[in-house]
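So the structure is just underneath, and the comments pick up after that.
The values are calculated or read from the model by the stated rules, or taken from the named source; none is laboratory data. It should be emphasised that the depicted structure is a prediction, and the values quoted were computed from it without experimental measurement. Please note: Cβ atoms are built from the backbone with ideal geometry, for glycine as well, and neighbour counts cover all protein chains shown. SASA here: full protein model, heavy atoms, side chains in, ligands and nucleic acids out. Shrake-Rupley method; radii C 1.70, N 1.55, O 1.52, S 1.80 Å.
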Amino acid sequence: MLNKIVHAGVASQSFELGSKDLAVLAEVKVSAKQVERITKRIGLERQRERDENVESYQALPLVQRKAVPEMVDAQGQPQQLAAPDLAVAGVDGGRLQILERGAIVAKATTAEETLPAEDGKSGQHWREDKIGLLMTMASEVSASDPCPEIPEQFVDPTRILKLARELKKQALPAEDGLKETTEPEVGSETLAENPVVWKPPEAKEKRLVASRCRWPDFGPILAAAAWAWGFYGAARKAFIGDGSDNNWTIWRQFFSSFTPILDFIHALSYVFAAAMAGRSFPEGWKVYEEWIGWIWKGEVTKVIAALAQRQLELGTPTEADGETSPRSVVAKTLCYLQNHKDQMRYHEYRRLGLPITSSYVESAVKQFNQRVKGTEKFWTEQGAEGILQLRADHLSADQPLQEFWKRRQAKQTGQRPYRKAA
């Protein structure tokens, strides 16, 4: 019965709806408050399990942390875990409201900045949660770039103008002035519409992790999950994300053997903004088409040179310039491309069959937001950590909760639990 209650508390959009689902589908009367209490308790049990696994992983010698772990079968015999052919990792941040009535748990993020409310008013309760996606994918390696010409959808004014409006609407005041948060499906949808005979990598299985901990503490959580899935032994490995420093700090510390890839849609948003800065639409569009074509081919140095020339024409930003002034927009884009030019070899990524958009990660954040985010939803730190852990379990293809219930039952009955990793 506990597993049904927890499932209702995690899969439904609220504990109230979970209570109603139990009454209709399982013909069991459980109050919303009871669903909340049980879900929180089990969530914290899973969090403790996760933290123990992370500590065990970090205690391993470095060579073992970067190797493929052994499995232990039901008879206690070691077996080598099969590493995937293509392993992809990515991270991003979501948001939820925290209303702490007591002491904040030790690992909670107590010093981070408050996020702004989406209605432009005070956002004193909005905080960031961290979402990590591990994904196995299927693709082919080519002898040359299988799609050297940019798909027409990326140079379609109607589509790009719509995208630009979405980016402006979703950008948060506290974030970088040009760090747009795209609609999650835009990258994968556009590539799927590509008429050229080329298929982007296909997602196979996904595993998610989530937490309210600090960014420095989130890296080991993602790394431990990647290790348990054999990601470090994959034939091809990629780490993809937007330009956030948090993403690339995690890559440097825990995934440096993975090919780093800057999300193409975020790069596109910067290039579009800079091309249009201080120009009429017809003039700016011609520049955008040329620049984004270079970006697609991995010729980012050409765009950097063009931006440097444009900066000379406009002049260096002054204190009087706002974030949206042409000089500021060009300067920010120039800095962005210079910082990430080594993560923008898109022609090579396509040849190797690697993904070039982080739309899967952003879609995962959206799935978490559906459960934890809302103007009327407030969480304690402990409650947030528990629901994030259970939501990650619920959304993962390998369904970790099934094994958790077996282990929990085994502990209560004194039986020896089956363990997957040595």
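Here Gln79 meets each of (1) more than 17 Å from Leu222 (Cβ to Cβ); (2) open to solvent by less than 20 Å² (accessible area, probe 1.4 Å); (3) part of a strand (DSSP E or B) with one exception, condition (2).
Applying the condition of being among the β-branched types (Val, Ile, Thr) and surrounded by 14 or more Cβ atoms within 10 Å (Cβ to Cβ) to the stretch 322-336 and asking which residue is nearest to Thr301 (Cα to Cα) yields Thr333. Restricting attention to the stretch 251-271, the residues being farther than 20 Å from His347 by Cα and surrounded by 24 or more Cβ atoms within 10 Å (Cβ to Cβ) number 1.
For (1) of a type in the set (Lys, Arg); (2) at pLDDT 75 or above; (3) assigned to a loop (DSSP other than H, G, I, E, B), each residue gets a yes or a no:
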{"position": "Gln13", "(1), (2), (3)": "no, yes, yes"}
{"position": "Asp21", "(1), (2), (3)": "no, yes, no"}
{"position": "Glu52", "(1), (2), (3)": "no, yes, no"}
{"position": "Tyr57", "(1), (2), (3)": "no, yes, no"}
{"position": "Asp119", "(1), (2), (3)": "no, no, yes"}
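Just need a number here: residues in the stretch 346-366 that are open to solvent by 10 Å² or more (accessible area, probe 1.4 Å), over 21 Å from Gly132 (Cα atoms) and touching an Asp or Glu at 6+ places or on another chain (Cβ under 7 Å). Selection size over the stretch 346-366: 2.
Being under 22 Å from the mean Cα position of the chain (by Cα) and assigned to a loop (DSSP other than H, G, I, E, B), is that true of even one residue in the stretch 401-417? Working first, answer last.
Taking the stretch 401-417 and keeping what is under 22 Å from the mean Cα position of the chain (by Cα), we get 401.
Keeping just the survivors that are assigned to a loop (DSSP other than H, G, I, E, B) gives none.
Within the stretch 401-417, none of the residues are under 22 Å from the mean Cα position of the chain (by Cα) and assigned to a loop (DSSP other than H, G, I, E, B).
Can you confirm whether Gln370 is more than 16 Å from Glu205 (Cα to Cα), open to solvent by 30 Å² or more (accessible area, probe 1.4 Å), at pLDDT below 95 and touching a helix residue (DSSP H, G or I) at 6+ places or on another chain (Cβ under 7 Å)? Even if it seems obvious, please write down each step before you answer.
Details: more than 16 Å from Glu205 (Cα to Cα): yes; open to solvent by 30 Å² or more (accessible area, probe 1.4 Å): yes; at pLDDT below 95: yes; touching a helix residue (DSSP H, G or I) at 6+ places or on another chain (Cβ under 7 Å): no.
No: the conditions fail for Gln370.
Could you run through the stretch 340-393 and say how many residues are within 30 Å of Lys302 (Cβ to Cβ) and among the acidic types (Asp, Glu)?
Here is the first cut: in the stretch 340-393, the residues within 30 Å of Lys302 (Cβ to Cβ) are 340-362.
Retained after the next criterion (residues that are among the acidic types (Asp, Glu)): 342, 348, 362.
So the answer is 3.
Is there a residue in the stretch 29-47 that is under 21 Å from Ala228 (Cβ atoms), open to solvent by 40 Å² or more (accessible area, probe 1.4 Å) and of a type in the set (S, T, N, Q)? Checked the stretch 29-47: no residue is under 21 Å from Ala228 (Cβ atoms), open to solvent by 40 Å² or more (accessible area, probe 1.4 Å) and of a type in the set (S, T, N, Q). For the stretch 239-250, filtered to residues that are among the polar types (S, T, N, Q) and touching a residue at least 60 places away in the same chain (Cβ under 8 Å), the residue that is surrounded by the fewest Cβ atoms within 10 Å (Cβ to Cβ) is Ser244. Only residues that are within 13 Å of Val372 (Cβ to Cβ) and not aromatic (Phe, Trp, Tyr) were counted in the stretch 12-35, giving 3.
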